[in-house]
Amino acid sequence: MYPPVSPIIFELGSFALRWYGLLMLMAILSAATVASRYVARQGEDPDNLWDMLFWILIPGFIGARLYYVFIQSPRGPEGLGYYLANPGKILQVWGGGIHIFGGFIFGAIALFLFSRIRKLNPLPYLDGIALGLPLAQAIGRWGNFINQELYGPPTTLPWGLRIDVQHRIPPYNNIAQYPNSTRFHPLFLYESVWNVVGFALLVWIARKFEKQLKPGDLALGYLIWYPLGRFFIEFLRTDSWFFPGTPFNVVHILSAAAMAVAGFVLYRRHRQT
């Protein structure tokens, strides 16, 4: 497996249209369409969802980028020192380098603030977003493929990913030890497939158990499904900072906490039903 195209679709002066940005736009619009249709079925105004989108996206991208820069990047090709020396690069999300957990935190805060201002019940909107989010993630991960990022350690599996030397992090940029023929685990593909399955599962649950579901249940289901896959994928990450002497990193803690809390809340909500 090898990225077949340049990350840049075309350039016009200082403007460059990148596949990463285009895929992110497709992902956002796909998720928002799914979410708006869901909230409409729940008797809510879908226009609120589209208005909410602008409130969520900017803080979400800022949070996702800040998480990457200050927590993820120390093991990345640039490193935290690069961003501290070039602070203007910190918010340049179009070149890649964002992290979903930072987006979760900032986006959730923005959603609840918007709901409070508009006097809306946030739970149906959370469910709609949770329904569309796995689809968006599945699409967006292919931007990582084109940018040659989000890969794991070397593998001999037939779907191994080729990574150019300039996109490798130490020690995999040592050509003598890891020649051009070396293939790496395509973590972007693992997560994309996991999210496609999660999207299908949540759609099935939303339709099959529509009468039994309470507002917020789909969001809780997402917070169990996605972190479960992410927990195991993280063991293969090559660009994360791990706790010394362990195979665990911050994402393992966040994923386990999300699953535990969401599972407990879901159980308590339906214990007597």
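Here are some notes:
- Packing-based exposure ordering (other Cβ within 10 Å, fewest first) of HIS270, HIS185: HIS270, HIS185
- Anisotropy class of segment 1-69 from Cα gyration tensor, a/c 1.5 cut: prolate
- Per-residue HN-Hα couplings for segment 126-140 [Karplus 6.51, -1.76, 1.60; θ = phi - 60°; Hz; x = Gly/Pro]: 4, 4, x, 5, 5, 6, x, 4, x, 5, 4, 5, 4, 6, x
- Reducing segment 169-211 and segment 1-64 to their Cα centroids gives an inter-centroid distance of 20 Å.
- The chain: calculated mean residue ellipticity at 222 nm from DSSP helix runs of at least 4, using -39500 (n - 2.57): -19500 deg cm²/dmol
- Fully extended contour minus Cα-Cα distance, from ASN173 to SER6, at 0.36 nm per residue: 58.1 nm
- Between segment 120-161 and segment 250-266, the Cα center-to-center distance that results, in Å: 19
- The calculated FRET efficiency for TYR82 paired with VAL261, based on their beta-carbon distance and R0 = 35 Å, is about 0.50.
- Within the listed set SER192, SER255, SER181, the residue fluctuating most in the Gaussian network model of the chain (springs between alpha-carbon atoms under 10 angstrom) is SER181.
No value in this document is a laboratory result; all are computed from the given coordinates. Quantities reported herein were computed from a predicted structural model and do not represent experimental measurements. Glycine also receives a Cβ, built like all others from the backbone with ideal geometry; neighbour counts cover every protein chain displayed.
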